[in-house]
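Q: After the structure tokens below, expect a handful of questions from me.
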Amino acid sequence: MPLLWILRDELKIKSVKYGCGVAACGACTVHLDGEAVRSCQTFAGDVGTAEITTIEGLGTPESLHAVQAAWVEHQVAQCGYCQSGQILQAAALLSETPAPSDAEIDEAMSGNLCRCGTYPRIREAVKTAATRLQEV
């Protein structure tokens, strides 16, 4: 069974979205031990002892992760459907590449689709979050 269905149906974590089912849209992105993966194509039996992080585990309303705060600041979200996957993908990028170029951001985020087309705001939010994470 895909991890997506365990998270949504068994654990009732609805922030992990079903988008395409073939790992092409990124709506179902979660972290496994800090690495961004598509939960629709990750089998639950293959997770083992890996730590699974959804958007709920990234930050809290009282203490937003730098990426979440930048998303709010740049008003990235419109419909919001893809946002948890986008934010988790961006957080994984910044953990591996603390100061990404525009090309690196575009490359890393290319597997996360936004039907509302907020890509320029996504890039700016990632750059803002990168700056803030470097200040810490």
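The values are calculated or read from the model by the stated rules, or taken from the named source; none is laboratory data. Being a predicted model, the structure only gives us computed values, none of them experimental. When we count neighbours, we look across all protein chains shown, and the Cβ atoms used for this are built from the backbone with ideal geometry, even at glycine. The accessibility values were calculated without ligands, DNA or RNA, using every heavy atom of the protein model including side chains. Shrake-Rupley method; radii C 1.70, N 1.55, O 1.52, S 1.80 Å.
Q: Scan (1) among the charged types (D, E, K, R); (2) closer than 22 Å to Gly34 by Cβ; (3) not in a helix (DSSP H, G or I) for the single condition Glu104 breaks and write down its number.
A: Here Glu104 meets the rest and fails (3).
Q: Same structure, new question: When only residues in the range 64-101 that are in contact (Cβ under 8 Å) with a residue 24 or more places away in the chain and hydroxyl-bearing (Ser, Thr, Tyr) count, which is least open to solvent (accessible area, probe 1.4 Å)?
A: Here the residue is Ser84.
Q: Starting from residues that are touching a residue at least 40 places away in the same chain (Cβ under 8 Å) and over 13 Å from the mean Cα position of the chain (by Cα), keep the ones in the range 102-124 and report whichever is least open to solvent (accessible area, probe 1.4 Å).
A: So, considering only residues that are touching a residue at least 40 places away in the same chain (Cβ under 8 Å) and over 13 Å from the mean Cα position of the chain (by Cα), the one least open to solvent (accessible area, probe 1.4 Å) is Thr118.
Q: Kindly provide the set of residues from the range 38-63 that are part of a loop (DSSP other than H, G, I, E, B) and either within 19 Å of Cys25 (Cβ to Cβ) or in contact (Cβ under 8 Å) with a residue 40 or more places away in the chain (or both), ordered by number.
A: Answer for the range 38-63, where residues must be part of a loop (DSSP other than H, G, I, E, B) and either within 19 Å of Cys25 (Cβ to Cβ) or in contact (Cβ under 8 Å) with a residue 40 or more places away in the chain (or both): Ser39, Cys40, Gln41, Thr42, Val47, Thr54.
Q: Moving on. Taking the range 64-80 on its own, how many of its residues are modelled with pLDDT of 95 or more and farther than 17 Å from Ile105 by Cα?
A: Residues in the range 64-80 being modelled with pLDDT of 95 or more and farther than 17 Å from Ile105 by Cα: 6 in total.
Q: Is at least one residue of the range 16-27 surrounded by fewer than 15 Cβ atoms within 10 Å (Cβ to Cβ) and of a type in the set (D, E, K, R)?
A: No, the conditions are met nowhere in the range 16-27.
Q: Can you name every residue in the range 45-63 that is buried (at least 18 other Cβ atoms within 10 Å of the Cβ) and more than 13 Å from the chain's Cα centre (by Cα)?
A: None; the set is empty.
Residues are listed down the side, and each one gets a yes or a no for (1) assigned to a loop (DSSP other than H, G, I, E, B); (2) over 25 Å from Thr128 (Cβ atoms); (3) not polar (S, T, N, Q):
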position	(1), (2), (3)
Leu4	no, yes, yes
Leu7	no, yes, yes
Ile13	yes, yes, yes
Ala24	yes, yes, yes
Ala36	no, no, yes
Tyr81	yes, no, yes
